[in-house]
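The values are calculated or read from the model by the stated rules, or taken from the named source; none is laboratory data. The shown structure was predicted, so the numbers you read here are calculated from the model rather than taken from an experiment. Cβ sites come from the backbone with ideal geometry, for glycine too, and all protein chains shown count toward neighbours.
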Ligand code: NAD
């Protein structure tokens, strides 16, 4: 296979930072722009449209008009399917460009944007396209003089606001079920990673999604984001991001038109490894690999590792051997497995948590420093703290960086109690060869997904989302249609 020179490709890449409204590329109504810089080395990428309330009004009116005239909503599901399949195909045909844009924009290794982010995002779009002409309504068991039909209808104009850690994939998780169900969608990508969503909108249009049905408004959270959340003519908002912003989104939905508000928020996932773990190497490799994947910028990263005291030393010895494999490297080098942190602000946050871990008495076993500082980019060494207590800040708060906190336990019930002693409830894991213990522990863990004897098991067919302050609703699987459709009862007198 031809070895791609990503640096050369990056130099030749042309980037369009204009918004995408009603099927056209356009600058913001107010003419404001912002500079988009790469976290890889600080290089200038493009000027991006800084959309605000006026752009939101425009996009909502176009999305509403498209919804009302049925150019998409009333197409036969089989036709929407075909177009979404074509959209997914076009993403795969443009895989290298999309992967490069994603890497330049938010710093993840091109190895993964190429092999994980683009294929998973395209698969998500294809999957919902394929699903939509297989979803049936119901007939209720009402008395004989009546016929009651229960059908699902698109909710109308859907806003989606997404974060920067998996920009393309989070976009796909929102837009694919919403579009498949027949809604018009306005997506606001993070101001830190707007580029791939804009390119996806062009590909959607090329695939045949009509103008006005899928719009992308780049801009800031407290400008374009809040204008969407407060808008009186947006019917539903699908949000992925921090718990802090998620609370604001719910408030804004409530203080405006009570639009349906669905939130996918932060996490502080616990990974419990018992002494009877069936495969210690697999447990070590999952614990280390899953926290450092994507620079630790994953909502479901297993950031709290509970290891049974009797195997702690052995576990740590094996883990420490693996950590150097995750040393940060050039994200455009296809061999790099850990890239750049998204920007200087996030890097400062991560370094602040590392300082707090040291101050509160956790034992820094490896890492803890900035790396590759001469590049002008933002890199943090893979970091591991031992001797962490559950009441320390690094165990309580989401760091969103490559920092693993190790806590030990001798009583599994107590470990589960501590695992649950968090406002979050996104993912959790237990490793044990004892089936009854595994099932009992999985039942006791308060999380949207519980892994048993693995950590990265995932598929578009299963729901993704959290308990407690990790959010409500679920992305992925057929359950995502619940968020973007209304249930209608039609009662017919016979
Ligand atoms: P963030 O909350 O700062 O921003 C997320 C999005 O919200 C961005 O588009 C931002 O511009 C927008 N926003 C910010 N303030 C806003 C406001 N006042 N009104 C409307 N919109 C606003 O989060 P982030 O730093 O971009 O992302 C990291 C967070 O996302 C982490 O907490 C992570 O756990 C979470 N996340 C969760 C999932 C999940 O599925 N549960 C997936 C990925 C990321």
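Taking the stretch 401-429 on its own, how many of its residues are within 23 Å of the chain's Cα centre (by Cα) and either closer than 30 Å to residue 106 by Cα or crowded, with 24+ Cβ neighbours inside 10 Å (or both)?
Initial filter on the stretch 401-429 (within 23 Å of the chain's Cα centre (by Cα)): 401-405, 419-420, 422-429.
Checking the rest, the ones that are also either closer than 30 Å to residue 106 by Cα or crowded, with 24+ Cβ neighbours inside 10 Å (or both) come to 401-405, 419, 422-429.
So the answer is 14.
Only one residue in 342, 288 is more than 18 Å from the chain's Cα centre (by Cα) and crowded, with 20+ Cβ neighbours inside 10 Å, so which one is that? Write out each step before concluding.
On the way: 342 fails: more than 18 Å from the chain's Cα centre (by Cα).
Of 342, 288, the one residue that is more than 18 Å from the chain's Cα centre (by Cα) and crowded, with 20+ Cβ neighbours inside 10 Å is 288.
Does residue 473 satisfy being within 12 Å of the ligand (Cβ to nearest atom), touching a helix residue (DSSP H, G or I) at 6+ places or on another chain (Cβ under 9 Å) and more than 17 Å from residue 298 (Cβ to Cβ)? Explain how you work it out, then say what you get.
Details: within 12 Å of the ligand (Cβ to nearest atom): yes; touching a helix residue (DSSP H, G or I) at 6+ places or on another chain (Cβ under 9 Å): yes; more than 17 Å from residue 298 (Cβ to Cβ): yes.
Judged against the criteria, residue 473 is a match.
Which is in contact with a helix residue (DSSP H, G or I) (Cβ under 9 Å, 6 or more places away or on another chain) and within 30 Å of residue 133 (Cα to Cα), of 10, 78, 49, 19?
Details: 10 fails: within 30 Å of residue 133 (Cα to Cα); 49 fails: within 30 Å of residue 133 (Cα to Cα); 19 fails: within 30 Å of residue 133 (Cα to Cα).
Within the list 10, 78, 49, 19, the selection yields 78.
Would you confirm, using the coordinates I've provided, whether residue 353 is within 16 Å of the ligand (Cβ to nearest atom), at negative phi and at pLDDT 95 or above?
Details: within 16 Å of the ligand (Cβ to nearest atom): yes; at negative phi: yes; at pLDDT 95 or above: yes.
Considered against the rule, which asks whether it is within 16 Å of the ligand (Cβ to nearest atom), at negative phi and at pLDDT 95 or above, residue 353 comes out as yes.
Got at least one residue in the stretch 391-401 being more than 29 Å from residue 156 (Cβ to Cβ), without any contact (Cβ under 8 Å) to a residue 60 or more places away in the chain, within 16 Å of the ligand (Cβ to nearest atom) and in a loop (DSSP other than H, G, I, E, B)?
Here is the first cut: in the stretch 391-401, the residues more than 29 Å from residue 156 (Cβ to Cβ) are 391-401.
From what is left, the residues that are without any contact (Cβ under 8 Å) to a residue 60 or more places away in the chain are 391-394.
From what is left, the residues that are within 16 Å of the ligand (Cβ to nearest atom) are 393-394.
Those left that are additionally in a loop (DSSP other than H, G, I, E, B): none.
No, because not a single residue in the stretch 391-401 is more than 29 Å from residue 156 (Cβ to Cβ), without any contact (Cβ under 8 Å) to a residue 60 or more places away in the chain, within 16 Å of the ligand (Cβ to nearest atom) and in a loop (DSSP other than H, G, I, E, B).
Go through (1) outside any loop (DSSP other than H, G, I, E, B); (2) farther than 23 Å from residue 26 by Cβ; (3) touching a strand residue (DSSP E or B) at 6+ places or on another chain (Cβ under 7 Å); (4) more than 9 Å from the ligand (Cβ to nearest atom) one by one and return the number of the condition residue 173 breaks.
Going through the list (1) outside any loop (DSSP other than H, G, I, E, B); (2) farther than 23 Å from residue 26 by Cβ; (3) touching a strand residue (DSSP E or B) at 6+ places or on another chain (Cβ under 7 Å); (4) more than 9 Å from the ligand (Cβ to nearest atom), residue 173 breaks only (4).
Taking residue 114, is it surrounded by fewer than 17 Cβ atoms within 10 Å (Cβ to Cβ), more than 21 Å from residue 134 (Cα to Cα) and modelled with pLDDT of 95 or more?
Values: surrounded by fewer than 17 Cβ atoms within 10 Å (Cβ to Cβ): no; more than 21 Å from residue 134 (Cα to Cα): yes; modelled with pLDDT of 95 or more: yes.
Here the answer is no, as residue 114 does not meet what is asked.
Could you go through the stretch 272-291 and let me know if any residue there is under 28 Å from residue 126 (Cα atoms) and either within 15 Å of the ligand (Cβ to nearest atom) or in contact with a helix residue (DSSP H, G or I) (Cβ under 7 Å, 6 or more places away or on another chain) (or both). Give the derivation first.
Of the residues in the stretch 272-291, the ones under 28 Å from residue 126 (Cα atoms) are 290.
Add one more test, that the residue is either within 15 Å of the ligand (Cβ to nearest atom) or in contact with a helix residue (DSSP H, G or I) (Cβ under 7 Å, 6 or more places away or on another chain) (or both), and what stays is 290.
The answer is yes, given that some residue of the stretch 272-291 is under 28 Å from residue 126 (Cα atoms) and either within 15 Å of the ligand (Cβ to nearest atom) or in contact with a helix residue (DSSP H, G or I) (Cβ under 7 Å, 6 or more places away or on another chain) (or both).
It is to be established whether one or more residues within the stretch 352-363 are over 28 Å from residue 458 (Cβ atoms), in contact with a strand residue (DSSP E or B) (Cβ under 8 Å, 6 or more places away or on another chain) and without any contact (Cβ under 8 Å) to a residue 24 or more places away in the chain.
Yes, the stretch 352-363 contains at least one residue that is over 28 Å from residue 458 (Cβ atoms), in contact with a strand residue (DSSP E or B) (Cβ under 8 Å, 6 or more places away or on another chain) and without any contact (Cβ under 8 Å) to a residue 24 or more places away in the chain.
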